1. Can you name every residue in region 26-38 that is of a type in the set (A, V, I, L, M), surrounded by fewer than 16 Cβ atoms within 10 Å (Cβ to Cβ) and touching a residue at least 24 places away in the same chain (Cβ under 8 Å)?
2. Taking Glu23 as meeting all but one of (1) surrounded by fewer than 17 Cβ atoms within 10 Å (Cβ to Cβ); (2) more than 19 Å from Gly128 (Cα to Cα); (3) in contact with a strand residue (DSSP E or B) (Cβ under 7 Å, 6 or more places away or on another chain), write down the number of the exception.
3. Name the one entry in Val99, Val95 that is part of a loop (DSSP other than H, G, I, E, B), within 17 Å of the chain's Cα centre (by Cα), among the aliphatic types (A, V, I, L, M) and at pLDDT below 90.
4. Out of (1) aliphatic (A, V, I, L, M); (2) touching a Pro at 6+ places or on another chain (Cβ under 8 Å); (3) farther than 16 Å from Leu122 by Cβ, the odd one out for Leu27 is which?
5. Do you know which residues across region 3-12 are out of contact with any helix residue (DSSP H, G or I) (no Cβ under 7 Å at 6 or more places or on another chain) and either surrounded by 13 or more Cβ atoms within 10 Å (Cβ to Cβ) or of a type in the set (D, E, K, R) (or both)?
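The values are calculated or read from the model by the stated rules, or taken from the named source; none is laboratory data. Not measured: the values here are computed from a predicted model. Because the Cβ atoms are built from the backbone with ideal geometry, glycine has one as well, and the counts that use them run over all protein chains shown.
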Amino acid sequence: MAKIKHIAITCENPDEVATFYKEGFDLFEVARNARQIQLSDGDINLTILKWKTNEDADVGPNGENYDGIHHIGFQVDDLEETGAKLRGINGEEIVRRDVATDGQPRAPRAEEKWAGPNGQVLDISEPGWLHKLPMD
């Protein structure tokens, strides 16, 4: 069974939005880079992203500079099986990440991006997302 483990919000000012969630809900920061801040409650990853643009393959149905929930990520047991299932119910593959072959280490964030029937962007990933501090 797939588990919801990741929600991403896009906004103009990720620092301001992340501060709101950290202070308002006691979320803690698990990672950051120039484009995103990853927060968690210890179980689910909430990523605060800088606005998407039309140059992003996963800009989503709301277009550029959208403020709000951009995508939902599901941790799955098997990327290939889930991808086939989504394809079979008219899901649209947006971005495919290279994943390792059997016996090879998988990239830490190996995921695929799909769109549902309403254009909603969905991530699927086997390893999931950072939701605990690296030392946990």
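1. Ala31
2. (3)
3. Val99
4. (2)
5. Those that are out of contact with any helix residue (DSSP H, G or I) (no Cβ under 7 Å at 6 or more places or on another chain) and either surrounded by 13 or more Cβ atoms within 10 Å (Cβ to Cβ) or of a type in the set (D, E, K, R) (or both): Lys3, Lys5, His6, Ile7, Ala8, Thr10, Glu12.
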